[in-house]
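Peer 1: This structure is in C-alpha cells; I'll ask about it shortly.
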Amino acid sequence: MSDDGSWPLVEADLLPLSIGAALLGTGGGGNPYVGMLRSRELLRKGATVRVLPLKALPDDALIGEVGGIGAPVVGVEKIEEGGECYRAMRAVEETLGIRMAALISAEIGGANSMEPVIAAAMAGLPVIDGDGMGRAFPEVQMTTFFIYGAKASPAAIADDKGNVVVFRDVVDMYWLERFARDTSVAMGAAAGLAIAPMRMDFVRRTAVPGTVTQALTIGRAVQDARAKRQNVVERVCAATGATLFFTGKITDIRRELKGGFARGEAKIVGLGDWQGSEGRIAIQNENLVLWVDGEPVIMVPDLIINLDLETGEPITTEILRYGQRVAVIGLPVHDLMKTPEAMAVVGPQAFGYPELTFTPLAFGPVSA
Amino acid sequence: MIRIGIDVGGTNTDAVLMDGKTVMAGVKAPTSADVMTGVVQALRDVLAAAKTTADKVDVVMIGTTHFTNAVVQRRDLAPVAAVRLCLPATASLPPMVDWPEDLRDVLGNHWYLAHGGNEFDGRVISRLDEAELLGIAADIRAKGIKSIAITSVFSPVSSEFEKQAGEIMAKALPDTHITLSADIGRIGLLERENAAIMNACLRDLSRHVVEAFRGALADVGFTGRFYLTQNDGTLMDAAFAERFPVLTFASGPTNSMRGAAFLSGVADAIVVDIGGTTSDVGSLQKGFPRQATVAVEVGGVRTNFRMPDVFSIGLGGGSLVVDGPDGVTVGPRSVGYRIVTEALLFGGSTLTTSDIIVADGGADLGDRARVAHLDKALIRRARDRIAFMLEDCVERARISAEPLPVIVVGGGSILVEGPIAGLELILPNHFAVANAVGAAIAQVSGEVDRVYALAEMTRDAALDDAKRQAIDAAVAAGARRDTVEIVDVEDVPLAYLPGNATRVRVKAVGELHVG
C-alpha cells in the first residue's frame, strides 16, 4: 500500500474478488468467472490496475462509470471481444472532450465487478474502491449515483463489432435504462455501457465505499474456510456481519417472464434449526424478499444471499433448482441505500411490494 | 434378453450376465495394463459362471474409466487444433485459457479464432470466411495435427456454421478427425469448447480402445452390438462412442449408483460405493444419481457435463491403518491393487482396513491366522474410525432430514459393520459388481437445450417442441419409442431480454431397442 492508500490489484486477488462479487450479487448480477479470466489475461500481459480509496484524487477529478449490460447467460456464451466497456468509456470522453481520472463499478455484485477492472487495465487507469450499489440490482437507475443526482448523459454503449452508440441527451437514468436495454438487445444482449463522468467529490459522497476490498475479504474468507474445511456459511457471516436467517431445501421454484426480467419465487422447507418452518424468496433477477412462515424477514435493498449449505458456493437465481440445500443469509445494505430518496428507487415499493415497509437488518458481530 | 455388463475400473474389471432382470452371474478379474486381457478374462469367467456361451448373448454394455484416466494422467492424448468461429466476439479469451499448463502443453496449445458465430437469437455475428478457414487448414496440415475441435458461438442455438466449417476442413484435410462442439455440449462457450477439445484429443485413443473392445468380444465369440455408458447412466453405441469418447467421463460412479438402485429396488437413497482406495458417495433420486449443480472439473479442466453429484473420501478395502500418538488414522493412502501381496492377511507387511475386518471376524478373506495377533483394542478403535468416516460422508450426502436408506456396494463393502448414521442399511445381492450391473441396465437418452423466443410462441408450444426433439433424439440414439419418457424439463427465462427469450432443456430416456 502506498501513501495515498492505493494498492495494486494482483493476479492472486482475482479469484477471491470474483467469489466475493458473486456472493454480493444476491442471486443475480451474472457469474464473474469470465470477467475474472479476462482480467487475469490482461494482468498476465503486463497491464496494471491500482485500486484507489475514496479519499484519493482531487475533488474535480472525473470518474467514469462502466459496466456490462445484457443477459448474464449470453455473457457465458458470447464472451466479449474485450474492448466493449473501454470503447464506450472513450466515446463518453470524446463527446465531452475530457479525460477520466479513474473508473468505478456501477455494481460490485456479479459480473460487473470485473468490467471496470478490465477497461481500466486497457486504459491505464486506476479503479475506485467502491461502487454504486454495494450489491447487484437489475436496472441502470438503481445506483446511489443516480439516486443522489448523477447525470445520465452523455452515455455510450459499445458492442463486439465496433458499433458505438452515444446517448447525447437523456432526461434521466430511467430513460437511459430503456434506451440502453433496447440497444443492448440489438447488439446481441451483451454490450458495454459507460455513463457520464462524475466529479470525485460527488463520488466520495455517494459511492458505497470499500466494496472492492469487501468482496476480496469475503472471497478470501471463503477460500480460507474451504482450505481449512471450516463451515463456509459461518465464516462468511463472521467476515461480513451477515446473519443466517434460514436453512432448508428448495422444494419449488417457479420462474416467469415479466417485462424482460426473470421474476419468480422459491419455496424452501426448513432444515436444522428451521425444521418445521417454511421459507419463501421472491426474485427479480436478484433475490428481493425472504419470508419465513409468512413473515417478511429480509427485503430489498438489504442483501439476501443463498449459499450452498455444504460448499458455501453462492447460488444464483438461474441455477436455483429443486432439491438444493441452501443457507439464506442476510446482510445490511449500506446506509446510502436506506434514505427516503433511495427507498423511492430500490425500496420494496419500487419492486412492486406496496404492502411491505422496509425494516432494515442489523449487523451481526464481525470477526476476522 | 441376455445382456452382459462390464465395468473396467482402475483395479478390477467386473462383469455380470443378466437374463431380463435377473443377475445370472457376476465376476471380478484384475484390470490388465492393456485393459483388453482383463476384459477377455472377465467375459470368459462370467460366461462360464452363467454356464452359457457368447452366441446366446444379445448385447454387451461397457463402462470404462479409460478416457477419464487418460486425461487425468495426461497420457495417450493427441495434439489438437482448436478452431473457434466467433470474430470479432470472444477474442478476449482464447481456447484453453483456463487449462492446467501441462495438459495444454501435451495438446500443443494450437488455436485459431475465425469469423462466424451466432447471436443468442440466431442472427449472424459474422459470415463464415472460407478462405480464412482454408488458411487455417493449411497451417494445421503443416503442423501435422490430425484432430480438430470446432466451436461456434451459440452453436446450441444454430449449429449451421460448425457443420459448414467441418465440411470445409474435412475436404481440405481428409485424414483428420473433426469434433463439433454442438454435438457434445450445452450453452457455455468455454466449457463446451473444453469438452470438444478434450474429445478431439481422445479420438486416436478411442479408435484403439473401441477396436480393442470389439476384438475382446470377438475373441470370446460375441458378434452382436455393444455399447459404452455415458456419465448420465445412458448408452451410446460403439461407433458413437468412438466419435465422442469424452461422454464416458464419470460414467463409473453413475453406473455403481444405478446398479445399486436396481439391485436394491430402492429409488431414493444414499449410495456408498466402497472400492479399494476410495469410497464414492452420492444420492439417488427416482433411480438416477443426483446431478451436480456447479461446473465439474475433469483433469483440471472445467466442463458443463451432466455429472453425478458424487464426492470421494480416502477409505477403501486397501486403506492403510496407522496407530499413532493421536489415535488411529485410516487412509487416504492405500495399497490399491497390490492388496493381494501387501496386506497382512495375504502375507504382506502392511496393515490395511481389510486386515482389521478379517481379524474381527467381519469377513472371510485371505489367511485369518496372519491377523490373529492384532490387538483387540486397536481393532475396535480402527473399526470406530471407519464407522465415523462412513457416517460423516453419509451425513454430507443427505439432502433432507428424511430417513433415506443407505445402499452399500463395491468390493470394499466388508468395511461396513452396521447401520450408518442410524439409517437403514441395504447390502444388496451382487453388491460387489453393482457398477457392472449399472452398465448392463443403462438406458438411451436424447437431450435438447435451446433458446425459444416466447413472444412468437406460447411456453407450452415451446416445451412441446423441445420434448418432441428430445424424444426424437432418444429414438435416433437407439431407444424404443414406446418406452421413451421425459425425465427432465427445465425452462430458464433469459434475464434482461425482451421477447421473453427462454432457455429450455429437456431430456428423454428410454429402453434400448434390441433385435
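Peer 1: When the residues of segment B:213-237 are filtered to those that are among the aliphatic types (A, V, I, L, M) and modelled with pLDDT of 90 or more, which remaining residue is nearest to B:Arg44 (Cα to Cα)?
Peer 2: Taking the candidates together, the pick is B:Val220.
Peer 1: Here is a further query. Does A:Ala88 fit the bill of being crowded, with 24+ Cβ neighbours inside 10 Å, among the small types (Gly, Ala, Ser), closer than 26 Å to B:Ile125 by Cβ and within 14 Å of another protein chain (Cβ to nearest Cβ)?
Peer 2: Taking the combined requirement at face value, the residue does not satisfy it.
Peer 1: In this structure, is A:Ala21 more than 11 Å from chain B (Cβ to nearest Cβ), touching a Pro at 6+ places or on another chain (Cβ under 6 Å), touching a residue at least 40 places away in the same chain (Cβ under 8 Å) and among the aliphatic types (A, V, I, L, M)?
Peer 2: yes
Peer 1: For segment A:211-232, check the following and say yes or no: at least one residue is crowded, with 22+ Cβ neighbours inside 10 Å and within 14 Å of chain B (Cβ to nearest Cβ).
Peer 2: Looking through segment A:211-232, at least one residue is crowded, with 22+ Cβ neighbours inside 10 Å and within 14 Å of chain B (Cβ to nearest Cβ).
Peer 1: Next up: So, B:Val444, is that one at pLDDT below 90, buried (at least 19 other Cβ atoms within 10 Å of the Cβ) and either under 27 Å from B:Gln230 (Cβ atoms) or within 14 Å of chain A (Cβ to nearest Cβ) (or both) or not? Don't jump to the end; show me each part of the working.
Peer 2: Details: at pLDDT below 90: yes; buried (at least 19 other Cβ atoms within 10 Å of the Cβ): yes; either under 27 Å from B:Gln230 (Cβ atoms) or within 14 Å of chain A (Cβ to nearest Cβ) (or both): yes.
It is true that B:Val444 is at pLDDT below 90, buried (at least 19 other Cβ atoms within 10 Å of the Cβ) and either under 27 Å from B:Gln230 (Cβ atoms) or within 14 Å of chain A (Cβ to nearest Cβ) (or both).
Peer 1: Across segment B:148-183, which residue is surrounded by the most Cβ atoms within 10 Å (Cβ to Cβ) among those that are of a type in the set (A, V, I, L, M) and within 19 Å of B:Val97 (Cβ to Cβ)? Break it down stepwise before answering.
Peer 2: Taking segment B:148-183 as the starting set, the residues that turn out to be of a type in the set (A, V, I, L, M) are B:148-150, B:153, B:157, B:165, B:168-170, B:172-173, B:178, B:180, B:182.
Now narrow it down to the ones that are within 19 Å of B:Val97 (Cβ to Cβ): B:148-150, B:153.
On the way: B:Ile148: 28, B:Ala149: 28, B:Ile150: 31, B:Val153: 29.
Taking the candidates together, the pick is B:Ile150.
Peer 1: What are the residue pairs meeting all of these: first residue in segment A:216-237, first residue at pLDDT 90 or above, second residue outside any helix (DSSP H, G or I) and of a type in the set (Ser, Thr, Tyr), Cβ atoms under 7 Å, and 6 or more apart or on different chains?
Peer 2: Short answer, once both residue conditions are applied: A:Cys237/A:Thr243.
Peer 1: Say we look at segment B:89-105 and pick out the residues that are touching a residue at least 12 places away in the same chain (Cβ under 8 Å) and more than 25 Å from A:Met122 (Cβ to Cβ); which of these is farthest from the chain's Cα centre (by Cα)?
Peer 2: B:Asp102
Peer 1: Tell me the residue from A:Val165, A:Val185, A:Val170 that is more than 19 Å from the chain's Cα centre (by Cα) and closer than 26 Å to A:Gly134 by Cβ, please.
Peer 2: A:Val170
Peer 1: Another question about this same structure. Can you work out which of the residues in segment B:168-199 that are away from chain A (no Cβ under 14 Å), under 23 Å from A:Lys78 (Cα atoms) and not in a helix (DSSP H, G or I) is farthest from the chain's Cα centre (by Cα)?
Peer 2: Filtering segment B:168-199 for residues that are away from chain A (no Cβ under 14 Å), under 23 Å from A:Lys78 (Cα atoms) and not in a helix (DSSP H, G or I), the one farthest from the chain's Cα centre (by Cα) comes out as B:Ile178.
Peer 1: Let me ask something additional. Which ones in segment B:416-460 are in contact with a strand residue (DSSP E or B) (Cβ under 8 Å, 6 or more places away or on another chain) and more than 29 Å from B:Thr248 (Cα to Cα)?
Peer 2: The answer is B:Val416, B:Gly418, B:Pro419, B:Ile420, B:Ala421, B:Leu423, B:Glu424, B:Leu425, B:Tyr452, B:Ala453, B:Leu454, B:Arg459.
Peer 1: Somewhere in segment A:119-127, is a residue β-branched (Val, Ile, Thr), closer than 25 Å to A:Leu331 by Cβ and touching a residue at least 12 places away in the same chain (Cβ under 8 Å)?
Peer 2: Within segment A:119-127, one or more residues are β-branched (Val, Ile, Thr), closer than 25 Å to A:Leu331 by Cβ and touching a residue at least 12 places away in the same chain (Cβ under 8 Å).
Peer 1: Okay, next question. Given the criteria touching an Asp or Glu at 6+ places or on another chain (Cβ under 8 Å), basic (Lys, Arg) and either surrounded by fewer than 21 Cβ atoms within 10 Å (Cβ to Cβ) or free of Cβ contacts under 8 Å to residues at least 40 places away in the same chain (or both), does A:Arg199 qualify? Walk me through how you get there before you give the answer.
Peer 2: On the way: touching an Asp or Glu at 6+ places or on another chain (Cβ under 8 Å): yes; basic (Lys, Arg): yes; either surrounded by fewer than 21 Cβ atoms within 10 Å (Cβ to Cβ) or free of Cβ contacts under 8 Å to residues at least 40 places away in the same chain (or both): yes.
So A:Arg199 fits the description; yes.
Peer 1: OK, next. Within segment A:210-222, does at least one residue satisfy the condition of being among the hydrophobic types (A, V, I, L, M, F, W, C) and out of contact with any helix residue (DSSP H, G or I) (no Cβ under 8 Å at 6 or more places or on another chain)?
Peer 2: No, segment A:210-222 contains no residue that is among the hydrophobic types (A, V, I, L, M, F, W, C) and out of contact with any helix residue (DSSP H, G or I) (no Cβ under 8 Å at 6 or more places or on another chain).
Peer 1: Would you be able to say whether some residue in segment A:66-77 is away from chain B (no Cβ under 11 Å), closer than 21 Å to A:Ala121 by Cβ and touching a helix residue (DSSP H, G or I) at 6+ places or on another chain (Cβ under 9 Å)?
Peer 2: Within segment A:66-77 (the criterion being away from chain B (no Cβ under 11 Å), closer than 21 Å to A:Ala121 by Cβ and touching a helix residue (DSSP H, G or I) at 6+ places or on another chain (Cβ under 9 Å)), the answer is yes, since at least one residue qualifies.
Peer 1: Looking at segment B:466-492, I want the residues that are within 14 Å of chain A (Cβ to nearest Cβ) and have a partner that is assigned to a helix (DSSP H, G or I) with Cβ atoms under 6 Å, at least 6 apart or on another chain. Which pairs are those?
Peer 2: Listed by first residue and then by second, the contacts come to nothing, as the list is empty.
Peer 1: Next question, about the same structure. For B:Leu133, all conditions in the list (1) surrounded by fewer than 19 Cβ atoms within 10 Å (Cβ to Cβ); (2) over 30 Å from the mean Cα position of the chain (by Cα); (3) in a helix (DSSP H, G or I) hold save one; what is the number of the exception?
Peer 2: Every listed condition holds for B:Leu133 apart from (1).
Peer 1: Just the residues that are crowded, with 22+ Cβ neighbours inside 10 Å and over 18 Å from the mean Cα position of the chain (by Cα), please, taken from segment B:270-321.
Peer 2: Passing the criteria: B:Ile270, B:Gly276, B:Thr277, B:Leu315, B:Gly316, B:Gly317, B:Gly318, B:Ser319, B:Val321.
Peer 1: A further question on this structure: Scan segment A:172-197 residue by residue and report those that are part of a helix (DSSP H, G or I) and either of a type in the set (Asp, Glu) or within 14 Å of chain B (Cβ to nearest Cβ) (or both).
Peer 2: Scanning segment A:172-197 gives A:Glu177, A:Arg178, A:Phe179, A:Ala180, A:Arg181, A:Asp182, A:Thr183, A:Ser184, A:Val185, A:Ala186.
Peer 1: Still on this structure, I have one more. Has segment A:144-165 got at least one residue that is crowded, with 24+ Cβ neighbours inside 10 Å, at pLDDT below 95 and at negative phi?
Peer 2: Within segment A:144-165, not a single residue is crowded, with 24+ Cβ neighbours inside 10 Å, at pLDDT below 95 and at negative phi.
Peer 1: Of (1) within 14 Å of chain A (Cβ to nearest Cβ); (2) of a type in the set (A, V, I, L, M, F, W, C); (3) closer than 18 Å to B:Glu193 by Cα, B:Val124 satisfies all except one. Which?
Peer 2: Exception for B:Val124: condition (3).
Peer 1: Can you name every residue in segment B:48-93 that is in a loop (DSSP other than H, G, I, E, B) and crowded, with 24+ Cβ neighbours inside 10 Å?
Peer 2: Answer for segment B:48-93, where residues must be in a loop (DSSP other than H, G, I, E, B) and crowded, with 24+ Cβ neighbours inside 10 Å: B:Val57, B:Val80, B:Ala89, B:Thr90.
Peer 1: If B:Leu87 satisfies all but one of (1) within 14 Å of another protein chain (Cβ to nearest Cβ); (2) touching a helix residue (DSSP H, G or I) at 6+ places or on another chain (Cβ under 8 Å); (3) not charged (D, E, K, R), what's the number of the condition it fails?
Peer 2: Against the list (1) within 14 Å of another protein chain (Cβ to nearest Cβ); (2) touching a helix residue (DSSP H, G or I) at 6+ places or on another chain (Cβ under 8 Å); (3) not charged (D, E, K, R), B:Leu87 comes up short only on (2).
Peer 1: Tally up the residues in segment B:493-504 that are modelled with pLDDT under 75 and more than 7 Å from chain A (Cβ to nearest Cβ), please.
Peer 2: Matching residues across segment B:493-504 total 1.
Peer 1: Can you name the strands (runs of 3 or more DSSP E) wholly within segment B:265-360 that have at least 2 residues being within 30 Å of B:Glu101 (Cα to Cα)?
Peer 2: B:279-285, B:296-298, B:301-303, B:311-313, B:327-334
Peer 1: Still on this model: Considering A:Ile305, A:Ile281, A:Ile319, A:Ile315, which residue is closer than 24 Å to B:Ala295 by Cβ, of a type in the set (A, V, I, L, M) and surrounded by fewer than 18 Cβ atoms within 10 Å (Cβ to Cβ)?
Peer 2: Exactly one of A:Ile305, A:Ile281, A:Ile319, A:Ile315 is closer than 24 Å to B:Ala295 by Cβ, of a type in the set (A, V, I, L, M) and surrounded by fewer than 18 Cβ atoms within 10 Å (Cβ to Cβ), namely A:Ile319.
Peer 1: Out of A:Val117, A:Val140, A:Val127, A:Val92, which single residue is modelled with pLDDT under 95 and of a type in the set (Val, Ile, Thr)? Working first, answer last.
Peer 2: Values: A:Val117 fails: modelled with pLDDT under 95; A:Val127 fails: modelled with pLDDT under 95; A:Val92 fails: modelled with pLDDT under 95.
When all the criteria are applied, what remains is A:Val140.
Peer 1: Scan segment A:150-171 and tell me whether some residue there is polar (S, T, N, Q), touching a residue at least 40 places away in the same chain (Cβ under 8 Å) and within 11 Å of chain B (Cβ to nearest Cβ).
Peer 2: no
The values are calculated or read from the model by the stated rules, or taken from the named source; none is laboratory data. Bear in mind that the values here come from a model prediction, so they are computed numbers and not experimental data. Because the Cβ atoms are built from the backbone with ideal geometry, glycine has one as well, and the counts that use them run over all protein chains shown.
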